[in-house]
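Written out below as structure tokens is the structure these notes cover.
Laboratory data are not the source of any read-out in this text; all were calculated from the coordinates shown. In this text, all values refer to a predicted model and were calculated from it rather than measured experimentally. When we count neighbours, we look across all protein chains shown, and the Cβ atoms used for this are built from the backbone with ideal geometry, even at glycine.
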Amino acid sequence: MNVKAQGLLNAAKWIEEQYGRDTLGEVVRACSPAVRERYVSAIAINWHPVEELVEFLRAAERLLGREDGRIAERIGAAGARANMKGTLVRIAVYLARPEYLMQRIAGLWRQFNDQGEMLLVSMDEKHALIEVRGVTAADPLFCATLTGWCLETATRLGIVGTTVKHTHCRARGDGRCLWDVRGSVDEAVARDPARMPR
């Protein structure tokens, strides 16, 4: 599977913002020459193998975390923040129900991944079930970025007390990848979407 380089560049930007340029340099130097070259030369719209992103995440986890996926989750959340800065998402909140907006956001999968799809399996006032299907290269760190992405997306849509659990993972031997997203709609945001977190 190939992914857009925007994910790698967002990850590098987050590391630099949180830990500094020197630490970002350490993470980049811990990667293979191919990943270092990709970081230096890629622009956000370039496609590259997901394995390069995973290698970068693995280096970040080893140097900055406890290799438990938490750094990858935080990188995924940062990617969601970067991707949701556009005005289209804010306008859509005014025009659409949250479940419709969540379906639209899940539909953006193909803009950033050339394989598979993200689906909103079900959603009610306190629970959403999201599935990623058709991805051949499953990796726990890639899935961890999606966990962070789901958490940040739900929070930005005005869901309070959000929790996200990756309940089924193909990288762990399960037959599918599912995320269970729970929380409550912030009534103030529901009445006035301008209050949505920025």
Practice task
Could you work out the equivalent-ellipsoid semi-axes for the stretch 96-181, taking the square root of 5 times each eigenvalue of the Cα gyration tensor, largest first, in whole Å?
Solution key: 21, 14, 11
Handout entry: Computed label-point distance, nm, for sites residue 85 and residue 17 using a 7 Å Cα→Cβ extension
Key = 0.7 nm
Practice task
Calculate, in nm to one decimal, what residue 160 and residue 124 gain on full extension: separation in residues at 0.36 nm each, minus their alpha carbon distance.
Solution key: 11.5 nm
Practice task
Determine which aspartates and glutamates satisfy two conditions relative to residue 126: a Cα distance under 13 Å, and not lying fewer than 8 residues away in the same chain.
Solution key: 99, 180, 186, 187
Exercise for the section: Enumerate the aspartates and glutamates that residue 4 could reach by cross-link, defined here as Cα to Cα under 16 Å, with residues fewer than 8 away along the same chain left out. Expected result: 37, 51, 52, 55, 114, 117
Problem - Peptide ranges 43-55, 4-16 listed from the most packed, as the mean C-beta count within 10 angstrom indicates - result: 4-16, 43-55
